[in-house]
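Undergrad: Sharing a structure below in structure tokens format, with a few things to ask.
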Amino acid sequence: MRKDVRILLVGEPKVGKTSLIMSLVSEEFPDEVPLRAEEITIPADVTPERVPTHIVDYSDPTEAEQTDEQLYQEILKANVICIVYSVNNKKSIEKVTSHWIPLINEWTDKDSRVPLILVGNKSDLVEHSSMETILPIMNQYSEIETCVECSAKNLKNISELFYYAQKAVLHPTGPLYSPEEKEMKPSCIKALTRIFKISDLDNDGILNDNELNFFQRTCFNIPLAPQALEDVKNVVRKNMSDGVKDNGLTLKGFLFLHTLFIQRGRHETTWTVLRRFGYDDDLELTQEYLFPLFKIPPDCTTELNHNAYLFLQSVFDKHDKDRDCALSPDELKDLFKVFPYMPWGPDVNNTVCTSEQGWITYQGYLSQWTLTTYLDVQRCLEYLGYLGYSIIQEQESQAAAITVTRNKRIDLQKKQTQRSVFCCKVLGARGSGKSGFLQSFLGRNLAHQKKIREDHKSYYAISTTYVYGQEKYLLLHEMLPEFEFLSEANLACDVVCLVYDISNPHSFEYCTKVYKKYFIDSKTPCVIIAAKSDLHESRQYYSLSPLDFCRKNKLHPPQLFTCNTAEAPSKDIYTKLATMAMYPHAKLRCMCTCNRCTICICPNLLNSELVRSVKAKLYSAVLNRHMTQADLKNSTFWLRASVGATVFAVLGFAMYKALLKQR
């Protein structure tokens, strides 16, 4: 909505321009009329549209000290121009088309013509109307919004005149409707179609009563009475056969209603709807709507909150028409019809999980939104704006969908985090297997990866994994190997993977250089991945073997990995990465499954057959619901309990000795 409206009055001398302004302000016809009224500002609280209004009078240079240059400047500043003529003076009417309209059009841009109001003053002096003469002029010039006949002397239609002038600025016809073709303009149809699709919450192509009421409350803050709903649908039924279907309003019916509003002079209804859904006077979504103010403190990340995921889930559900938990190309295209462009390219299918047909699954869909939020929150806000998040969720803006996480340094100090998304940078020499490592996270083996086109390749992979029963997102980012592309800023992450090819003797050296330059003094956990472990291992041309290098730098042993498997590659390594990212402060972290160190031996003992059988017997004895008091006094029961306690004591002592030995 504009902050103010500037109205300019022009016309031939003696037609009553100044009298109209004076009558509006004083609410009576002035006894003495000056040659020119000074600029008048009407406060917002006394105007129908609640917008400050500036009224500017122009007098002919022969009457007052005004030049053509001043007129030119005023025309450029005006939001609407009232061309005043006298209904009893044919010459002043002729001047409208022979002088004033050509003059105004000459001084204004053709693509942004200022709206015009024709004002027939002195209607009190004649008994006939001038509309028969004016209507052909209105049909000839599309920039003319309306014509008002009034009288400054008896105050007839004075308030209406300036109301229509305001309305021509705040609710212009030009962007919405073509009078020559008598139909809405394509840009208006496009905007209203997007609004219809957003309001169609179940995506069945029909606005049912609940959806119409939600739309009404959203735009006008009041629901429609049941009878009013029926009246609206009956109007559509009478005028078009396919405007109402299954007792709901179709897109054609929705567009017809707005065409009817415009034709009946109720532009404000359509404009109220358009502005509620974020459109400006040029029917473009405003920057304020798409990019609300949003600040991110240093060392913080951005994530979608619970309500945002629920909203995105509802969007997915309403477009997944075949209910296969995946979006086919047609379903995805339908989902993005409310966007001015296709936001997801073919690389997305190699960034997230897909179905056997290569379609984005529900998990992959949410993962891609999570990725966008983490990497480019402004882009995420823009996308949510296209989907109408703030409208459907009844929020002030889509910024309400974003959670800014706590500073990472505070997480490290407190040794706990509430974050749900963790970033892992994957580095390695060319051909070391980085891309294969990323694609394996999405469940794709080497045979599947060979089918990926080079121009569809992605440097990201994101999916969910579980850390101690909590679902977390792990984002893998493959970095270019050239050192000129590496810096501390773009290497900031939660965990680092250094990948080398065990069959290439020159591959490991790159990992050592990167580690020494960027991570040797860093608190970021690092893991070395020995990729292509299905191939013959070559001796690395480096002073230390990979295992010795890890021992020297107190890193975990190199993790063997291959994507050359018959089935989907194992995801154990990704769970370990997510765990390290979530708990970087934890020093004892076994990843070797050696069955000798503390972290390996403890779970093996706890999962052993002996411990499981003892636990089962103890639970059955202690938690037996039919146990009587006599049973508790039974010596057999206490004997079994003593044996169980002894076994646990022995196991505890063994674990304690193992801990000491490990240290």
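Undergrad: May I ask you to list the residues in the range 515-540 that are buried (at least 16 other Cβ atoms within 10 Å of the Cβ) and over 29 Å from residue 565 (Cα atoms)?
TA: Once the filter is applied, which keeps residues that are buried (at least 16 other Cβ atoms within 10 Å of the Cβ) and over 29 Å from residue 565 (Cα atoms), the range 515-540 yields 515, 518, 519, 524.
Undergrad: Out of all the residues in the range 167-188, which are surrounded by fewer than 16 Cβ atoms within 10 Å (Cβ to Cβ) and either assigned to a helix (DSSP H, G or I) or at positive phi (or both)?
TA: Of everything in the range 167-188, those that are surrounded by fewer than 16 Cβ atoms within 10 Å (Cβ to Cβ) and either assigned to a helix (DSSP H, G or I) or at positive phi (or both) turn out to be 182, 186, 187.
Undergrad: Can you find a residue that is touching a residue at least 40 places away in the same chain (Cβ under 8 Å), of a type in the set (Asp, Glu) and open to solvent by 50 Å² or more (accessible area, probe 1.4 Å) anywhere in the range 377-386?
TA: No: zero hits.
Undergrad: Of the numbered conditions (1) within 27 Å of residue 489 (Cβ to Cβ); (2) of a type in the set (S, T, N, Q); (3) in contact (Cβ under 8 Å) with a residue 40 or more places away in the chain, residue 449 satisfies every one except a single condition; which is it?
TA: The failed condition is (1).
Undergrad: Is it the case that the range 5-26 has a residue that's over 43 Å from the mean Cα position of the chain (by Cα), closer than 15 Å to residue 79 by Cα, at pLDDT 90 or above and surrounded by 22 or more Cβ atoms within 10 Å (Cβ to Cβ)?
TA: Within the range 5-26, one or more residues are over 43 Å from the mean Cα position of the chain (by Cα), closer than 15 Å to residue 79 by Cα, at pLDDT 90 or above and surrounded by 22 or more Cβ atoms within 10 Å (Cβ to Cβ).
Undergrad: Hey, another quick one. Tell me which helices (runs of 4 or more DSSP H) are completely within the range 33-139 and hold 1 or more residues being out of contact with any strand residue (DSSP E or B) (no Cβ under 8 Å at 6 or more places or on another chain), aromatic (Phe, Trp, Tyr) and surrounded by fewer than 16 Cβ atoms within 10 Å (Cβ to Cβ), or say none if there are none.
TA: 68-77, 101-107
Undergrad: Could you please let me know if residue 322 is touching a helix residue (DSSP H, G or I) at 6+ places or on another chain (Cβ under 9 Å), assigned to a loop (DSSP other than H, G, I, E, B) and surrounded by fewer than 16 Cβ atoms within 10 Å (Cβ to Cβ)?
TA: Here the answer is yes, as residue 322 does meet what is asked.
Undergrad: If residue 551 meets every condition in (1) basic (Lys, Arg); (2) at pLDDT below 90; (3) out of contact with any helix residue (DSSP H, G or I) (no Cβ under 9 Å at 6 or more places or on another chain) apart from one, which number is that one?
TA: Failing condition for residue 551: (2).
Undergrad: What are the residues in the range 227-256 that are hydroxyl-bearing (Ser, Thr, Tyr) and either surrounded by fewer than 17 Cβ atoms within 10 Å (Cβ to Cβ) or more than 15 Å from residue 211 (Cβ to Cβ) (or both), if any?
TA: Correct list: 241 only.
To keep it simple, each residue is scored yes or no on (1) within 14 Å of residue 166 (Cα to Cα); (2) modelled with pLDDT of 85 or more; (3) acidic (Asp, Glu).
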site: 34; (1), (2), (3): no, no, no
site: 40; (1), (2), (3): no, yes, no
site: 49; (1), (2), (3): yes, no, yes
site: 52; (1), (2), (3): yes, yes, no
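Undergrad: List the pairs whose first member sits in the range 466-494 and is within 25 Å of residue 348 (Cα to Cα), whose second member is open to solvent by 60 Å² or more (accessible area, probe 1.4 Å) and in a loop (DSSP other than H, G, I, E, B), and whose Cβ atoms are under 6 Å apart, counting only residues at least 6 apart or on separate chains?
TA: Between residues of the range 466-494 that are within 25 Å of residue 348 (Cα to Cα) and residues that are open to solvent by 60 Å² or more (accessible area, probe 1.4 Å) and in a loop (DSSP other than H, G, I, E, B), the close pairs are 478/459; 481/430.
Undergrad: Report every pair of residues separated by at least 6 positions or lying on different chains whose Cβ atoms are under 6 Å apart, first residue within the range 568-587 and within 15 Å of residue 528 (Cα to Cα), second at pLDDT below 90.
TA: If the second residue must be at pLDDT below 90, the pairs left are 576/591.
Undergrad: Could you look through the range 447-487, keep only residues that are of a type in the set (D, E, K, R) and surrounded by 12 or more Cβ atoms within 10 Å (Cβ to Cβ), and pick out the one that is nearest to residue 580 (Cα to Cα)?
TA: Checking each candidate, the answer is 472.
Undergrad: Restricting the search to the range 192-205, which residues are touching an Asp or Glu at 6+ places or on another chain (Cβ under 7 Å) and either crowded, with 18+ Cβ neighbours inside 10 Å or in a strand (DSSP E or B) (or both)?
TA: 199, 200, listed by residue number.
Undergrad: Something else: Could you say which residue among 330, 334, 317, 299 is outside any helix (DSSP H, G or I) and more than 14 Å from residue 401 (Cα to Cα)?
TA: The match here is 299.
Undergrad: Sticking with this one: On the basis of being free of Cβ contacts under 8 Å to residues at least 40 places away in the same chain and either out of contact with any Phe, Trp or Tyr (no Cβ under 8 Å at 6 or more places or on another chain) or of a type outside the set (Val, Ile, Thr) (or both), does residue 110 make the cut?
TA: yes
Undergrad: Please indicate, with yes or no, whether at least one residue in the range 346-356 is of a type in the set (D, E, K, R), touching a residue at least 60 places away in the same chain (Cβ under 8 Å) and under 25 Å from residue 439 (Cβ atoms).
TA: Among the residues of the range 346-356, at least one is of a type in the set (D, E, K, R), touching a residue at least 60 places away in the same chain (Cβ under 8 Å) and under 25 Å from residue 439 (Cβ atoms), which makes the answer yes.
Undergrad: Within the range 206-222, identify whether any single residue is in contact with a strand residue (DSSP E or B) (Cβ under 6 Å, 6 or more places away or on another chain), open to solvent by less than 40 Å² (accessible area, probe 1.4 Å) and not β-branched (Val, Ile, Thr), and answer yes or no.
TA: Yes.
Undergrad: Taking the criterion of being closer than 15 Å to residue 183 by Cβ, open to solvent by 30 Å² or more (accessible area, probe 1.4 Å) and modelled with pLDDT of 95 or more, would at least one residue in the range 257-264 satisfy it?
TA: Scanning the range 257-264, I find no residue that is closer than 15 Å to residue 183 by Cβ, open to solvent by 30 Å² or more (accessible area, probe 1.4 Å) and modelled with pLDDT of 95 or more, so the answer is no.
Undergrad: Also, quick follow-up: Since residue 352 meets every condition but one in (1) farther than 20 Å from residue 371 by Cβ; (2) surrounded by 19 or more Cβ atoms within 10 Å (Cβ to Cβ), which condition does it not meet?
TA: Unmet for residue 352, out of (1) farther than 20 Å from residue 371 by Cβ; (2) surrounded by 19 or more Cβ atoms within 10 Å (Cβ to Cβ): (1).
Undergrad: Restricting to the range 238-296, what's the tally of residues that are among the aromatic types (Phe, Trp, Tyr) and in a helix (DSSP H, G or I)?
TA: 5
Undergrad: Mind checking which pairs have a first residue in the range 263-280 that is over 15 Å from residue 49 (Cα atoms) and touching a residue at least 24 places away in the same chain (Cβ under 8 Å) and a second that is charged (D, E, K, R) and in a helix (DSSP H, G or I), Cβ under 9 Å, 6 or more apart or different chains?
TA: Matching pairs, first to second residue: 265/167; 277/194; 278/288.
Undergrad: Taking the range 488-514 only, how many residues are assigned to a helix (DSSP H, G or I), open to solvent by 10 Å² or more (accessible area, probe 1.4 Å) and touching a Gly at 6+ places or on another chain (Cβ under 8 Å)?
TA: 1
Undergrad: Every residue in the range 529-550 that is touching a Pro at 6+ places or on another chain (Cβ under 8 Å) and either assigned to a helix (DSSP H, G or I) or closer than 22 Å to residue 442 by Cβ (or both), please.
TA: Selection gives 529, 530, 546, 547, 550.
Undergrad: Considering only residues that are open to solvent by less than 20 Å² (accessible area, probe 1.4 Å) and touching a residue at least 60 places away in the same chain (Cβ under 8 Å), look in the range 140-166 and name the one that is nearest to the chain's Cα centre (by Cα).
TA: Applying the filter and picking the extreme gives 166.
Undergrad: Report whether or not residue 397 is touching a strand residue (DSSP E or B) at 6+ places or on another chain (Cβ under 8 Å), of a type in the set (Ser, Thr, Tyr) and either touching a residue at least 40 places away in the same chain (Cβ under 8 Å) or open to solvent by less than 30 Å² (accessible area, probe 1.4 Å) (or both).
TA: no
Undergrad: Search the range 205-216 for residues that are more than 13 Å from residue 230 (Cβ to Cβ) and pair each with any residue that is surrounded by fewer than 18 Cβ atoms within 10 Å (Cβ to Cβ) and of a type outside the set (Ser, Thr, Tyr) when their beta-carbon atoms are under 7 Å apart and the residues are at least 6 apart or on different chains.
TA: 206/245; 206/246; 211/201; 216/222; 216/223; 216/224
The values are calculated or read from the model by the stated rules, or taken from the named source; none is laboratory data. Nothing here was measured: the structure is a model prediction, and the numbers come from that model. Cβ coordinates were reconstructed from backbone atoms using ideal geometry, including for glycine residues, and neighbour counts include every protein chain displayed. Note: areas computed on protein heavy atoms with side chains; ligands, DNA, RNA excluded. Shrake-Rupley method; radii C 1.70, N 1.55, O 1.52, S 1.80 Å.
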